[in-house]
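Undergrad: One structure, pasted below without further comment.
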Amino acid sequence: MPDSSYSDGARALPRLAGAPEEPDSTRASATRDRALARRAALARQVDALLLTVCVCALVGLTFAGIDVTWRALGARSPDLGHCVAALALYSAAAALLGCLAHLIIALEGTLHRRVAERSPRLALALRTLLAGLAAAGLSSGTAFWVFGGARVRTTAMARHGPWALMLGVGVGAALLALILSVALRRFTSGRRAGPTLLALLLAVAAVLVTQVDLRVYVALYARLHAMLEVVAAALLLAAFSIVALWLPRWGVRGVAVAAFGCLVALSAASGPKAWLERELRGVWVEPIYAGRLLSRAQSLESYLTDPAGWRGSSASSIARLKEDYDIENTTLDPIWNAAPLETPAERAALAAMRKGTARPNVAIFYVDTLRYDVASDPKVMPNVCAFMKGSVSFTRAYAAGSDTLRSLPAITSGSLLTRPEGQNDFLEVARRRGWHRGLVIPQSAHEFLDKEAPAFGFDERLSVKDFAPVRMDVWGYGADQPASERVVDRSLEWMKQNKDKKFLLWSFHFDLHNWRELSDMRVAEMARTYDMPEGAGMLRYAVVARGIDAEFGRFLRGLDQLGLADDTIVVFLSDHGEGVGREGFWVHSIFLWDVLLRVPLGLRIPGIAPRVVNTPVSLVDLAPTLARWFDPEVSMKGYHGEDLLARLLPGAPKRRRPLLAHSGTHDSARRLGVIDPAGTSKLVVQLESGVPELYDLSASDPDWEDLADAQRTRTLELLNYLVRSPVFPRADEATSALQH
């Protein structure tokens, strides 16, 4: 961007037009000349400041334009208020950053001039070096994060990777600074064609970087997105540093003054700030650039309000949420620590239902990453659909999280706490009561859960290869070999070997989790086998789901052939769904959309007639349900779920607790959600913003229209459920309470 060393060549900057000195000038004349010189120097500084702010404003307006364009091309087209508010927000940020940049440029320019007096080449080299060192230093946190993963930590890349990345960033920044310095010199000397072409190329490169930012690993890695955003901003700053020199002085001043006006209005008056936050309320559904900047602005405001008491952006957002909705009581509701409320008659009825299946075997067919809509499509999963018709089928089952690390512990423990105590985990209850527990699982999932979910314990673990031995980058993701067939083989073999024992088998299917990474050849082979259309996106996802369905059918037939069907409870479920391209999001976690939370759940129970249950249930209900078969006297205290069989009682009691969910990345929480006991509405709070979103679950797309403003009373009702629930962070816990 332009600095003081170039100001004398920029046409936008004024020149001193003082009278020539005369040898016999008087003291008054000398004083007047010094005053004029100071005034001219001040004018140059003001013009340099305005030019810097103008450049920053042009960069900000470009980001605002990309944000608006991206939304307009997607499903959620922004209105005029959003566009104006986004421009105002970026203009205000440009004024603030422009002032900071001007100070840095002025300091660097002073050093540059002193060195340039001795050696212009040394001064240019020093400027280039400083730019490289600054960029390398600023990228250090991201560099060490990139090479800090569990798999990478065990390789030489953990030691050399961060330094190599910092070196690459530093060299890139140094080259950009050198090229910009040369281009600005050429421009001010009258050779403008080359620098102008360079500005165009830099702008195009910046836009391409933003496209990578908006399309790759959408919403998953905040540091990665921030780094790409900074790279794009640096390229745009360089481009507009040249472009701004084409602008007339009145144009530069007009843009800069408008930016300062936005900054003053949004900083000094509550009305404009409230208007901006209201118009940009929709950015939290799909943050992109305007949402990111608004979050940073709110965090900065919160920090400046109370620097000593600042506990992070999420804690500040929660505080703002409580203030906006006048929430005073956020203590944990006692209902969550007490045993589920059951009348003596209900308990007796539930016990009677279990008498016909005393001490049953339990076989759990667990499919990671299976959406309810796909599981209920008979063209895609005919065996699953047939199983559900012959079972107790729950059509509105919701996961407690949109990723395995949040959902799986809730399934086995029946608790919504991040670190449940585990004494009533149904796997532990089964062990105490003498069930032999076996897990058959693909190796990539096995290695991941061994590290991240050690409480997922069994007496025997049988691992099935799902990637080539030479691969070193497989840890939860990346397995390219379908494994469901071999998992079923090993599951049937294990049950045959243990058929004389009471057993609990967990058959873990991971192919659908890796639907994008699986070998193209193997997926094409499955598509031909099952006569399904081959393609990308949902077509590919459905083909992999069809392959798992076929293995489930073989699993059920094998159970019959072993003579175990009449003495075995079969549970079919998934832990969460998949985005498959919704809002540009292809995987899972982060969001609490219906396609991520709603999952298939069916129990085939010997002696209990098939039934379809349409009332909402949670996967945390599975633990107390199964635990009572292993130990009829097990305490229900500590379970956040309710016995699923209560849904089968005549005049089934209403659900007494809401359904809860939370989401995030591996190392941080992102969203909290609550579904009312009747299952009519869902409230979602994004921790980054503290803004509640209310959705109608009966709508054709339950996550499309945010009704929080239109139904404020309903929003407050569900918000009071949420803030007194186990997933809500309290006091100093802030976001750490939800981190894994």
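The values are calculated or read from the model by the stated rules, or taken from the named source; none is laboratory data. Since this is a predicted model, take the numbers as computed values, not measurements. Reconstructed Cβ throughout: ideal geometry from the backbone, glycine too, with neighbour counts over all protein chains shown. All accessible areas refer to the heavy atoms of the entire protein, side chains included, with ligands and DNA or RNA removed. Shrake-Rupley method; radii C 1.70, N 1.55, O 1.52, S 1.80 Å.
Undergrad: Tell me, what % of the accessible area of the chain is carbon and sulfur with a 1.4 angstrom probe?
TA: Of the solvent-accessible surface of the chain, carbon and sulfur hold 60 percent.
Undergrad: State the answer as a single residue: which of Leu36, Ser507, Ile441 lies farthest towards the positive end of the charge dipole of the chain, with beta carbon charges of +1 for Lys and Arg and -1 for Asp and Glu, about the Cα centre.
TA: Of Leu36, Ser507, Ile441, it is Leu36.
Undergrad: Right, next: With viscosity set to 1.567 mPa s and temperature to 4 °C, compute the Stokes-Einstein D of region 52-180, Rh being the Kirkwood radius across alpha carbon pairs; µm²/s, no decimals.
TA: Values: Rh = 17.8 Å.
Translational D for this selection: 73 µm²/s.
Undergrad: If you don't mind, another one. ³J(HN,Hα) across region 54-68 via Karplus (A = 6.51, B = -1.76, C = 1.60, θ = phi - 60°), whole Hz, x for Gly/Pro?
TA: 4, 4, 4, 5, 5, 5, x, 5, 5, 4, 4, x, 5, 4, 5
Undergrad: With charges only on Cβ, +1 for K and R and -1 for D and E, what is the dipole size of region 41-199 about its Cα centre, in debye, rounded to 20? Don't skip to the answer; put the middle values down first.
TA: Details: 15 positive and 5 negative charges, 120 e Å.
Using Cβ point charges on Lys, Arg, Asp and Glu, region 41-199 gives about 580 debye.
Undergrad: For Cα pairs less than 8 Å apart in space and 6+ apart in sequence, what is the mean separation divided by the residue count of region 371-460, i.e. the relative contact order in percent? Walk me through the intermediate numbers first.
TA: Working: 55 pairs, mean separation 15.1, N = 90.
The value is 17 percent.
Undergrad: Further question: So how far, in whole Å, is the C-alpha centre of region 376-407 from the one of region 629-706?
TA: Going from one Cα centre to the other spans 16 Å.
Undergrad: How would Val243, Val115, Val488 line up by accessible area, probe 1.4 Å, largest first? Let's see the in-between values first.
TA: Details: Val243 55, Val115 25, Val488 0 Å².
Result of the area sort, largest leading: Val243, Val115, Val488.
Undergrad: Now for a different question. Can you compute the charge dipole magnitude of region 216-332 about its Cα centre, using +1 on each Lys and Arg Cβ and -1 on each Asp and Glu Cβ, nothing else charged? Give it in debye, rounded to the nearest 20. Don't jump to the answer; show the numbers that get you there.
TA: Values: 11 positive and 10 negative charges, 89 e Å.
Result for region 216-332 is approximately 420 debye, rounded to the nearest 20.
Undergrad: Sort Arg278, Arg71 by accessible area with a 1.4 Å probe, largest first.
TA: Working: Arg278 140, Arg71 15 Å².
So the residues, ranked largest to smallest area, are Arg278, Arg71.
Undergrad: When all protein chains stay in place, what accessible area (Å², nearest 10, 1.4 Å probe) is found for His640?
TA: Estimated to the nearest 10 Å², His640 gives 10 Å².
Undergrad: Counting pairs of alpha carbon atoms under 8 Å apart in space and at least six apart in sequence, what relative contact order in percent does the chain give? Could you put the intermediate results ahead of the total?
TA: Values: 1218 pairs, mean separation 115.1, N = 740.
Relative contact order, the chain: 16 percent.
Undergrad: Something else now. Once you have the Kirkwood Rh of region 647-712 from its Cα pairs, apply Stokes-Einstein at 37 °C and 0.692 mPa s and quote D in µm²/s. Before the final figure, lay out the partial values.
TA: Details: Rh = 13.4 Å.
Answer, rounded: 246 µm²/s.
Undergrad: How many Å³ per residue does the convex hull of the Cα positions in the chain occupy?
TA: On the way: hull volume 135.6 nm³, N = 740.
Hull volume normalised by residue count: 183 Å³.
Undergrad: Students often forget the sequence filter, so: which lysines lie under 16 Å Cα-Cα from Lys389 once same-chain residues fewer than 8 apart are removed?
TA: Lys379
Undergrad: Please identify the GluC sites (Glu not before Pro) of region 300-353 that satisfy two criteria: DSSP loop assignment and at most 16 other Cβ atoms within 10 Å. Which are they?
TA: Values: sites: Glu301, Glu323, Glu328, Glu342, Glu346; in loops: Glu328, Glu342.
In loop regions of region 300-353 (DSSP not H, G, I, E or B), the sparsely surrounded GluC sites (Glu not before Pro) are Glu328.
Undergrad: Would you mind getting the accessible area per residue of the chain, heavy atoms of the protein chains only, 1.4 Å probe, in Å²?
TA: Values: 32920 Å² over 740 residues.
Accessible surface, normalised per residue, equals 44 Å².
Undergrad: Right, another one. Can you spot the aspartates and glutamates whose alpha carbon is less than 18 Å from Lys499's alpha carbon? Ignore those fewer than 8 places along the same chain.
TA: Excluding near neighbours in sequence, the set is Asp459, Glu460, Asp489, Asp560, Asp566, Asp567.
Undergrad: In the structure displayed, which of Lys355/Lys502; Lys465/Lys496; Lys322/Lys451; Lys654/Lys682 lie more than 25 Å apart, Cα to Cα?
TA: Details: Lys355/Lys502 16 Å; Lys465/Lys496 21 Å; Lys322/Lys451 36 Å; Lys654/Lys682 18 Å.
Pairs exceeding 25 Å: Lys322/Lys451.
Undergrad: May I pose another question? Determine the dipole magnitude for the chain: charges of +1 sit on the beta-carbon of Lys and Arg, -1 on that of Asp and Glu, nothing else is charged, the reference point is the Cα centre, and the result goes in debye to the nearest 20.
TA: Numbers: 83 positive and 77 negative charges, 280 e Å.
That gives a dipole near 1340 debye.
Undergrad: Could you pull the accessible area for Val362 with a 1.4 Å probe, rounded to 10 Å²?
TA: 0
Undergrad: Still on this structure: Averaging sequence separations of C-alpha pairs under 8 Å and six or more residues apart, then dividing by the length of region 611-684, give the relative contact order as a whole percent. Present the calculation step by step, with values, prior to reporting the outcome.
TA: Details: 87 pairs, mean separation 19.0, N = 74.
Relative contact order of region 611-684: 26 percent.
Undergrad: Just to confirm the filter: which trypsin sites (Lys or Arg not before Pro) across region 352-443 are DSSP coil and have at most 13 other Cβ within 10 angstrom of their Cβ?
TA: Values: sites: Arg354, Lys355, Arg371, Lys379, Lys389, Arg396, Arg406, Arg431, Arg432, Arg433, Arg437; in loops: Arg371, Lys379, Arg433.
Those satisfying the criteria are Lys379.
Undergrad: Let me have the 222 nm mean residue ellipticity of the chain computed from DSSP H runs of 4+ only, each contributing -39500 (n - 2.57), with the sum over all residues rounded to the nearest 500. Write out the running numbers ahead of the final one.
TA: Details: 23 runs with 370 residues, N = 740.
Helices in the chain give a 222 nm mean residue ellipticity of -16500 deg cm²/dmol.
Undergrad: How much solvent-accessible surface does Val595 expose, in Å² to the nearest 10, with a 1.4 Å probe and all protein chains in place?
TA: Here the accessible area works out near 30 Å².
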